[in-house]
Amino acid sequence: MQNDLFQTSAPSDQSPWLDGLNDPQKKAVQHLDGPLLVLSGAGTGKTRVLTSRLANLIATGRAKPWNILAVTFTNKAAREMKERVAAMIGPMVDQVWFGTFHALAAKILRRHAETVGLKSNFTILDTDDQLRLIKQVMELNGIDPKRHPPRMVLAMISRWKDKGLTHDKVSLADASNLIEGNGADIYQQYQQRLSDLNACDFGDLLLHNLTIFNTHPEILADYHHRITHVMVDEYQDTNVAQYLWLSLLSQKSRNLCCVGDDDQSIYGWRGAEVTNMLRFSEIYPEAVTIRLEENYRSTGHILGAASGLIAHNESRLGKTLFTDDAHGEKVRIHGFWDGASEARAVADRIASLQRHGEFSPDQMAVLVRAGYQTREFEEVFIKLGIPYRVIGAKFYERQEIRDAIAYLRLIIQPADDLAFERIINTPTRGLGAKTVSLLRDASREQGLPMLATAENMLAGTALKSAARNSLGQFVNMVLHWRGLLDQMPHTELAMKVLDESGYTAMWQKEKTPDAEGRLENLKELITAMDGFDNLQGFLEHISLVMDGDNNNRGGEVMLMTLHAAKGLEFNVVFLPCWEEGAFPSQRTLDEKGAAGLEEERRLAYVGITRARKELYISFASSRRVHGLWQSGIPSRFLAELPEEHLVEETEQGMAPGTAKPVTFDNMPIPSAAGGYGPGWTRLRERRQTGFLPSKAPAENKAGLTGKSDYIAGDRVFHLKFGNGNVVSVEGDKLTIAFDKAGEKKLVASFVERAGKQ
């Protein structure tokens, strides 16, 4: 009976799939022919528009199910879309081309594999196999993996594929950036090895499709006959290869419907081109653009803050979100003295909301700019017994953190064979599985730990000279570090270990998107260590943290990066760490300039629009980095939020009902004396005059730039280093000779005049 609803007919406002749609949504669903761009703001019901439009295509006879290609970015999104359409049209849904870009491209490639030198049963290699293959190619060419990390080479090849470039299309300029200009040759050899193995990587799926369509017009013509309507979700996240693939498939019919939000394009670092969406009307002059602006998720104040912020971006098509619901609570802004105070206040607020039955833990989320920023929140959640779940690896479970801790464990406990095996060849030292197996067997025979066994083997002849030299260097390093345990602070020892082992250099050479995050995590590890008296105490803490972590999945606060939060929504959202240099990311600003700033602002917009009912944004005036306090100023994004949607939180915490209207004159920036400074007035003035710093200016905690009030000879006090005398003054930087800690250079705001302890 269900399919009886879907007789070929003209579009009608009485169609059941139009029930409950607002006017722009209806227009999008009823526009069935020609190019269509649906600008769908956050929470405006884009999935319903996509599924209803697909059902309408079939019901009106504009297309048969097998004539429709509906492409998404994730399998989850594809499944959800298919399930929704199935509820409207029944089993006919199985004949629609549903899937991700890679899944649909693989389906096409298997039909025509022989045209690109493959067989239809080709293998799709995972990342580990790809890495193993590129290492083989590099080894055959005598390329030093230490100078040219294989992951970096593979990442560059993947970027070329995402741009739709075969090895012969790579420009000399691009090729010169890889392996002294030999990048294109390595790319060609890598592709040949893939072909020899009857295999391809993920980038090849689309790239081979493009080759097939461009070199075999009869095959492309067949798909033009098969597929008359193309629909794509999250169009703002497409890369060049995906754009070309969609363009070729819809070339004849021009029935291309793209749904997305240019204000949520946050994946430029992995190849996404927001210009694909921004130029849609140029590429398709006859295109109709429909804006979905009525939000069904967030309150009015949250939407007002989001719209006010994103309006500062110039590269956007433009829309303004609104809601018919109540304005709700204003966005709460809070400044903290340091990161620890911020994490504790967030945890206290979560506990209060849960205790009073306002929201359950799984309705709340903490969203950070970078993965390393989860660490302080994880630890305070564990201390207070707040159930939480990190989307992605938890801080102490991350590869680089486990590797670093393994080094430290072996220094403290030389009998720790698990730590020994983890790091003996990390980074690569030429000590492969055969050497490790030999050591393991000898260790069991002698009844000794592997480190002690290694010392014994160095005096024998069981090892080849190359392995003996490498093993000897490793053993000597470990013994040297053990000898320094009682001679230097444990934080300095940890940095020395990461440096001398080559571990930090290994990630510095990796030019992959996640390498910078791993280095930030290692820095955060050193910061975490500084809170303990010695290395043993820290390692015991790690064991307790890991052991105390529960497996409760019933109701947990979500803790994740802003990138991971895209597409999700929560009743309560906390956005901490909003300081210049951290957010917007200084690295992004340095690498991409104005374009990078706009992508960072889009990321902030995504974070704000994850919140349904309550939103808290916070910053800290100081954070501890490598054991030293560093001052910071609030993110420029805070100054761009419309004042009418904000309130200032009280110092007592995040208690609702006690906040007063905020102005930029009284926005809290804690000073060294514990009061508030006029920093926001100046910050706002700088924004109004067009001053957008690429680097955070040196400011003290009151937000004031310039000379300090200290002179040489002044007696001062520091919370960590104790008492000392000012040696010299340069702007707001002091050189201080501390009585016990020696000479240090610090920002003036981090010390007080002696006697104010």
Which lysines, on any chain, are close to Lys613 with Cα under 29 Å apart, when same-chain ones fewer than 8 places away are left out? Lys26, Lys46, Lys76, Lys319, Lys330, Lys383, Lys394, Lys566, Lys660
In bins 10 Å wide, starting from 0, what share of all Cα pairs of segment 445-521 does each bin hold, as a percent? 16, 34, 31, 18, 2
Whole-number percent relative contact order across segment 466-598, with pairs defined as alpha carbons under 8 Å at least 6 apart: 13 percent
Which lysines, if any, have their Cα less than 24 Å from the Cα of Lys464, not counting same-chain residues under 8 positions apart? Lys135, Lys146, Lys434
Determine the gain in length on full extension of the stretch Ser360-Arg147; use 0.36 nm per residue of separation and subtract their C-alpha separation, reporting nm with one decimal. 71.6 nm
Estimated distance in nm for a label pair at Glu282 and Lys745, the labels positioned 7 Å out from Cα along Cα-to-Cβ: 4.6 nm
Given Cβ point charges of +1 (Lys, Arg) and -1 (Asp, Glu) and nothing else, what value in debye, to the nearest 20, does the dipole of segment 428-553 about its Cα centre take? 780 debye
Summed residue charge, Cβ within 15 Å of Thr228's Cβ, Lys/Arg positive, Asp/Glu negative: +4
In bins 10 Å wide, starting from 0, what share of all Cα pairs of the chain does each bin hold, as a percent? 2, 12, 19, 22, 21, 14, 7, 2, 0, 0
Please list, short to long, the whole-number percent of alpha-carbon pairs of segment 137-273 in consecutive 10 angstrom bins beginning at zero. 11, 34, 32, 18, 5, 0
Name the residue from Gly713, Ile310, Leu50 whose Cα lies farthest towards the positive end of the charge dipole of the chain, charges +1 on Cβ of Lys and Arg and -1 on Cβ of Asp and Glu. Leu50
Of the residues Ala505, Leu559, Leu485, the Cα lying farthest along the dipole of segment 436-565 towards its positive end, which is defined by charges on the beta carbon of Lys, Arg, Asp and Glu, belongs to Ala505
Rounded to the nearest angstrom and ordered from largest down, what semi-axes does the equivalent ellipsoid of segment 87-134 get from its C-alpha gyration tensor (root of 5λ)? 30, 15, 7
Could you compute how much accessible surface Lys107 exposes when probed at 1.4 Å, giving the result in Å² to the nearest 10? 90 Å²
Evaluate the Debye formula for segment 338-429 with equal point scatterers sitting on the alpha carbons, no solvent, and hand back log10 of I(q)/I(0) at q = 0.17, 0.23, 0.24 Å⁻¹, in q order, two decimals. -0.80, -1.11, -1.16
What ranking of Trp337, Trp629 comes out by heavy-atom accessible area, probe 1.4 Å, highest first? Trp337, Trp629
Residue (of Thr320, Gly537, Ile423) at the positive-pole extreme of the chain, dipole from beta-carbon charges: Ile423
Leu317-Ile219 pseudo-label distance in nm [points 7 Å out on the Cα-to-Cβ vector]: 3.2 nm
Considering every Cα-Cα pair within segment 1-145, what fraction, in whole percent, is farther apart than 24 Å? 47 percent
Note on the chain: contact order normalised by length, alpha-carbon pairs under 8 Å, 6 or more apart, percent, works out to 13 percent
All aspartates and glutamates inside 17 Å of Lys496 as judged from Cα atoms, apart from same-chain residues fewer than 8 positions distant: Glu400, Asp403, Asp486, Glu520, Glu524, Asp530
For segment 272-418, what is the per residue volume of the convex hull drawn over the alpha-carbon atoms, in cubic angstrom? 200 Å³
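The values are calculated or read from the model by the stated rules, or taken from the named source; none is laboratory data. Note that this is a predicted model, so its numbers are computed, not measured. With ideal geometry, Cβ positions are generated from the backbone for all residues, glycine too; neighbour counts draw on all protein chains shown. Just the protein is used for accessible areas: all its heavy atoms, side chains included, with ligands, DNA and RNA removed. Shrake-Rupley method; radii C 1.70, N 1.55, O 1.52, S 1.80 Å.
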